[in-house]
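Remarks on the structure that follows.
Values in this text are rule-based calculations from the coordinates and carry no lab data. It should be emphasised that the depicted structure is a prediction, and the values quoted were computed from it without experimental measurement. Every residue, glycine among them, receives a Cβ derived from its backbone with ideal geometry; neighbour counts consider all protein chains shown.
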Amino acid sequence: MQAYPAVESQQTKWIRNLRGERNPVSPASGCAALHETESLGDGQFVNANVVFPVNSECPFTCVMCDLWKNTLAGPTPGGFVVRQIAKALAALPRAQWIKIYNAGSFFDFHAIPLADYRAIAELLQDYERVIVECHPAFVDERVLAFRDLLPGRLEVAMGLETVHETTLKLLNKRCNLTQLESAARWLGEHSIDLRLFVIVRPPFQQENEALTWGLRSLEFANDLNACATILIPARAGNGAMEELQKRDLFTPPHIKTVEYLLQAGLEMNKSRVYVDTWSPSWRLTCSCDEARVVRIQEMNSCQAITPAISCDVCNSSLEYI
């Protein structure tokens, strides 16, 4: 296998050549769904339903993405996502918020046809807040068309990933910081809230760089007035990341890096900050690390700094780097 190409036009082919097979999907199988509680801080919590519809694959091929595994090979048929959401909601309890995290961009008409917006919105009439994911390239009048069908507040989640522009370019996301900032400002001007995802130690970064650029990414998210920032520890599992790991171009972050960034984000006191613990991939190297996992979960839950973990072995410095 050739080395990872520096030229964007060659990166997509390199990434796709390392993929396995998609998982079988059908209208009858529906989509994944769950019910969770999200902390708003100050002892306030909100119940949220999370639905993961199956749709056509995202047109971008990010090196770290594994969402393509549960996508269609072609455009999404009309009504396909509507039926999935309806089936999922019928099995979920009532909630104040709903997150529709489809494998791609909600406002990509290949993923979710424009003609389905009204039917989807009708299913969401009882929710106070609707959160959807979208690549900055699709933030346009389609967002307003969907917003105007909802009685509740619309929030758009976008992948910031990292403010290290060289790394961002290597991720093959096909979006620079200027484009992301423009999309974020546009959402704010139209009274649409913003949620951002930041990768902790993306490929092509060392552990010390992950700390530095993780902090700068959190600061950038605050500058864009994000109401929430989600820290996602980078993980393998899509073929490309394993190949990068073999070449020492990717290593999952250490638990202490994740813990440090979560605490730093909360100390900024600008927005809510969470660590994504759905599929944790951090490295554990010390007997104190399990306690750090618990501390991360506690800070996620209370949105406040909890007592630090004391460890004579590793607390004196960040020598784990």
- Could you work out the helix-only [θ] at 222 nm for the chain, with each DSSP H run of four or more residues adding -39,500 (n - 2.57) and the total divided by the number of residues, to the nearest 500 deg cm²/dmol? -10000 deg cm²/dmol
- Message: Per-residue counts of other Cβ atoms within 10 Å, averaged by peptide: what ranking do you get for 200-211, 37-48, 244-255, highest first?
- Response: 200-211, 244-255, 37-48
- VAL200 long-range amide H proximity, modeled H, under 5 Å: ILE232, ALA234
- Message: Between LEU114 and GLU209, what is 0.36 nm times their sequence separation minus the Cα-Cα distance? Round to one decimal in nm.
- Response: 30.1 nm
- Message: Under the rule a/c < 1.5 gives rounded, and otherwise a/b versus b/c splits prolate from oblate, where does the range 1-94 land using the Cα gyration tensor?
- Response: oblate
- Task: Sort the chain into rounded, prolate or oblate with this rule: let a ≥ b ≥ c be the square roots of the eigenvalues of the Cα gyration tensor; rounded if a/c is under 1.5, and if a/c is not under 1.5, prolate when a/b is larger than b/c, oblate otherwise.
- Result: oblate
- Simple spin-label estimate for GLU8/ALA90, 7 Å along Cα→Cβ, in nm, reads 4.4
- Message: Antiparallel versus total DSSP beta bridges in the range 1-127: what percent is that, nearest 5?
- Response: 65
- Query: Given 0.36 nm per residue, what is the gain on full extension from ASP312 to ASN23 after removing their alpha carbon distance, in nm?
  - Reply: 99.4 nm
- Would you mind working out the magnitude of the charge dipole of the chain relative to its Cα centre, with +1 at each Lys and Arg C-beta and -1 at each Asp and Glu C-beta, to the nearest 20 Debye? 700
- Query: Using the Cα gyration tensor of the range 217-259, with a ≥ b ≥ c the square roots of its eigenvalues, what is the shape: rounded (a/c below 1.5), prolate (a/b larger than b/c) or oblate (neither)?
  - Reply: prolate
- Message: Which lysines, if any, have their Cα less than 24 Å from the Cα of LYS246, not counting same-chain residues under 8 positions apart?
- Response: LYS13, LYS69, LYS169, LYS173, LYS256
- Amide H of THR277: which non-local residues (sequence gap of 5 or more, or other chain) have their own amide H closer than 5 Å, using H built in the peptide plane? none
